[in-house]
Amino acid sequence: MRFAPRRKLGRTDFDATLLGAGDLADAALGVDACAAVLRRALDAGINVVDTAPAYEAGVSEQIVGRALSGRRDGIFVIDKIDHLDRPVAAQADESIARLGFSPDAFVFHSVSRMDDWNGLVSEGGGMSQLEQLRRLGRCRFRGVSSHHPDVVRAAILSGLCDVVMFAVGPHADRRYTDELLPLARERGVGTVCFKTFGAGKLVASTTGYGQPLPPEVDPSSLAPTLSVDDCIRVTLTHDPDVALLGLSTPGEQDAAFRAVERFQPLSQPELEDVRRRAADVVRNKGAIWWDPPAT
């Protein structure tokens, strides 16, 4: 196997691999084909898998369930609670039915405003509801996935989250890396970080996740894309517990695996160079939704 567990995922006591496998859902390919791709990542040793009901309307959860059939042990599965304003139990039960098992962690999805966070931690809010499910054995750990550093900070400091998910990559708010990764380590909160490739914007001509550029954008006017190595080196240099990548085709997996195998940390000048180029690459490619609006 190419990957072996290397670090505890915060206070979960789970020995996690450096890479995790993110959303693999492609309804056009079908559940079996996508499950085979995920099993290929598991065969390489990867032991953290992320999914959500919102990914292809539950298809992602079905894929994860199919891929882990007969090999659930030793895999840390993160699932999401998508709707922050709805009862948690019903959402969790639907996800568990699609997976065929309880995930290790449920995290609240896209908690990207402080009002959202405050609602979750209010009396009778989502966090207390999820704690009740944890006590019933419907999951073991709680957390949030967020696109706002202020929310991530509050989640870490609250003591209510075992895992936090946020952006780390060549084009992401510097507070994620400069402040929040160290704070999470200090507080024993696991970090599972996404947007290494900037939703694809950094490595392709897309507004994100394969979506086409607006017709008014001339592709020849765009800056050269970054390489897979550029992106992965930035994320690994910052050293989150787990770097969560899409890994949605064998080719993508092999490119990522090779980048990890030849990884060398970037110096500060090298980091700044990649960040400068990343800012050019994303220009005219739409909103950077994983960062808060500039103030």
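The values are calculated or read from the model by the stated rules, or taken from the named source; none is laboratory data. Not measured: the values here are computed from a predicted model. Cβ coordinates were reconstructed from backbone atoms using ideal geometry, including for glycine residues, and neighbour counts include every protein chain displayed.
Here are the numbers for this structure:
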{"read-out": "Neighbours by Cβ (under 7 Å, 6+ apart or cross-chain): first from the stretch 240-252, touching a residue at least 60 places away in the same chain (Cβ under 8 Å); second of a type in the set (Lys, Arg) and not in a loop (DSSP other than H, G, I, E, B)", "value": "Asp241/Arg7; Pro250/Arg40"}
{"read-out": "Search result, residues across the stretch 15-27 that are of a type outside the set (A, V, I, L, M), surrounded by fewer than 23 Cβ atoms within 10 Å (Cβ to Cβ) and more than 19 Å from Gly210 (Cβ to Cβ)", "value": "Asp15"}
{"read-out": "Count - residues of the stretch 182-206 that are surrounded by 21 or more Cβ atoms within 10 Å (Cβ to Cβ), in contact with a helix residue (DSSP H, G or I) (Cβ under 6 Å, 6 or more places away or on another chain) and not small (Gly, Ala, Ser)", "value": "6"}
{"read-out": "Scope the stretch 167-223; condition more than 26 Å from Glu252 (Cβ to Cβ), in a loop (DSSP other than H, G, I, E, B) and in contact (Cβ under 8 Å) with a residue 24 or more places away in the chain; matching residues", "value": "Gly188, Val189"}
{"read-out": "Conditions (1) of a type outside the set (Lys, Arg); (2) farther than 30 Å from Gly45 by Cα; (3) touching a Pro at 6+ places or on another chain (Cβ under 6 Å): number failed by Ala287", "value": "(3)"}
{"read-out": "Any hit, the stretch 101-110, residues being more than 25 Å from Arg185 (Cβ to Cβ), out of contact with any Pro (no Cβ under 9 Å at 6 or more places or on another chain) and modelled with pLDDT of 95 or more", "value": "yes"}
{"read-out": "Residue in the stretch 256-268 that is at pLDDT 95 or above, outside any loop (DSSP other than H, G, I, E, B), among the polar types (S, T, N, Q) and surrounded by fewer than 16 Cβ atoms within 10 Å (Cβ to Cβ) present", "value": "yes"}
{"read-out": "Residue count, the stretch 269-287 (criterion: in a loop (DSSP other than H, G, I, E, B) and surrounded by 20 or more Cβ atoms within 10 Å (Cβ to Cβ))", "value": "1"}
{"read-out": "Val242 under 21 Å from the mean Cα position of the chain (by Cα), closer than 23 Å to Thr177 by Cβ and either among the polar types (S, T, N, Q) or crowded, with 24+ Cβ neighbours inside 10 Å (or both)", "value": "yes"}
{"read-out": "Asp218 surrounded by fewer than 24 Cβ atoms within 10 Å (Cβ to Cβ), closer than 18 Å to Trp117 by Cα, among the acidic types (Asp, Glu) and over 16 Å from the mean Cα position of the chain (by Cα)", "value": "no"}
{"read-out": "Test: Gly143 is part of a strand (DSSP E or B), touching an Asp or Glu at 6+ places or on another chain (Cβ under 8 Å) and of a type outside the set (S, T, N, Q)", "value": "yes"}
{"read-out": "Members of the stretch 107-116 found to be part of a helix (DSSP H, G or I) and either in contact with a Lys or Arg (Cβ under 8 Å, 6 or more places away or on another chain) or under 12 Å from Ser145 (Cβ atoms) (or both), listed by number", "value": "Asp116"}
{"read-out": "Hits in the stretch 28-64 - residues which are assigned to a helix (DSSP H, G or I), among the acidic types (Asp, Glu) and buried (at least 19 other Cβ atoms within 10 Å of the Cβ)", "value": "Glu61"}
